[in-house]
Amino acid sequence: MSTAFEYDNLSLRPAGPFLTALSWALPGVREVRAQTVPYAAFWRESNAAALEQRGPLWVALGDSMTQGIGASAPDRGYVGQLRDDLATAGRPHRLVNLAVTGARVHDLVVHQLPALEELVARGEVPDLLTVVIGSNDVIAPRHRAGLAERFEAMLDRLPRGAVVANLPNPQSEARRVCAVLRDRAARGDLVVADIRAHGPRSWRGRLAADKFHPNDAGYAGMAHVFDVALGLPGRRA
């Protein structure tokens, strides 16, 4: 008899001193950070329920944006809203969300990819795999260097056809990542969810109280990006 799939959506790395100080100083940051533990618990329970069911499987990898941090509820992030869009289009999926708040590319490789590989070994092969990662690497200069190379190494381990979001950030390293993704997409290795082309033109009114994470409206804009990538009816601007 197989054992249950055990996976924790919480990061083992404590918050850095800068974020901790911001949380004390700014109520909006503190409010959004307070979502981290309950949202991770939500996805742990949701994942277990999904694996008790049958049907096409979607596995989501990423960071806080894939967990829906900043939204009014965990399933009002882009993942939850995209799941609704898939169901409306007649393409319902079971969803296993392996995202971890604060994750960088390295964290995804050492924590989330082994969990994905365990699922595959159990016979839970995803029909859809989405990836949103890299923002936490880009915003910190000490993690920014070499990001494109780390991204390449991560992409080498993803199954063919994964839907991977690019980075809208203006830094040169983010543009290098976008070039890597364009090249891989041209080779047919993956599908790009192009936030630069199809994401919100303005984030005014689309950010949570911390002024960093999207709110429900911002996540609707992100879901639209994946709608376009997956060929779903574009019902969001």
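The values are calculated or read from the model by the stated rules, or taken from the named source; none is laboratory data. As the structure is a computational prediction, the values presented were derived from the model and not from experiment. Cβ coordinates were reconstructed from backbone atoms using ideal geometry, including for glycine residues, and neighbour counts include every protein chain displayed. Areas reflect the complete protein model, heavy atoms only, side chains present, ligands, DNA and RNA absent. Shrake-Rupley method; radii C 1.70, N 1.55, O 1.52, S 1.80 Å.
Return a whole-number percent for the relative contact order of the chain, with Cα pairs under 8 Å and 6 or more residues apart as the contact set.
Here the relative contact order equals 22 percent.
For Cα Rg over 2.2 N^0.38 Å, one of (1) 0.96; (2) 1.44; (3) 1.01 was computed from the structure I shared and the rest are decoys. Which label?
So the calculated entry is the one marked (1).
Specify the residue with the greatest mean-square fluctuation among 162, 140, 60, computed from a Gaussian network of the chain linking alpha-carbon atoms under 10 Å apart.
Residue with maximal mean-square fluctuation among 162, 140, 60: 140.
What does the charge dipole of region 76-177 about its Cα centre add up to, to the nearest 20 debye, if the Cβ of each Lys and Arg holds +1 and the Cβ of each Asp and Glu holds -1?
Charge dipole, region 76-177, about its Cα centre: 200 debye, nearest 20.
Leaving out ligands, DNA and RNA, and with a 1.4 Å probe, what % of the accessible surface on region 98-207 is carbon or sulfur?
Carbon plus sulfur share of accessible area: 51 percent.
What length, rounded to one decimal in nm, is gained on full extension from residue 34 through to residue 140, with 0.36 nm per residue of separation minus their alpha-carbon distance?
Gain on stretching residue 34 to residue 140: 36.0 nm.
Counting other Cβ atoms within 10 Å, keep those with at most 16, restrict to DSSP loop, and tell me which trypsin sites (Lys or Arg not before Pro) in region 136-237 are left.
Those that pass, being in a loop and sparsely packed, are 157, 160, 187, 201, 204, 211, 235.
So for region 46-127, taking the charge dipole from beta-carbon charges (+1 Lys/Arg, -1 Asp/Glu), which of 49, 82, 68 sits furthest toward the positive end?
82
What distance in nm separates the two pseudo spin-label positions at residue 201 and residue 5, each 7 Å out from Cα along the beta-carbon direction?
Placing both labels 7 Å beyond Cα along the Cβ direction yields 4.0 nm.
Counting GluC sites (Glu not before Pro) as exposed when in a DSSP loop with at most 11 other beta carbons within 10 Å, what is the longest stretch of the chain free of them?
By the stated rule (loop sites, at most 11 other Cβ atoms within 10 Å), 53-237.
Using a Förster radius of 22 Å, what is the FRET efficiency between residue 120 and residue 187 based on their Cβ-Cβ separation? Nearest 0.05, please.
The calculated FRET efficiency here is 0.45.
Roughly how big is region 156-237's charge dipole about its Cα centre, with Cβ charges of +1 (Lys, Arg) and -1 (Asp, Glu), in debye to the nearest 20?
180 debye
Quote the FRET efficiency, to the nearest 0.05, computed for residue 48 versus residue 127 with a Förster distance R0 of 22 Å and r equal to the Cβ-Cβ distance.
Given R0 = 22 Å and the Cβ-Cβ separation, E is 0.70.
Before I look further, what does the chain give for accessible area per residue, probe 1.4 Å, in whole square angstrom?
48 Å²
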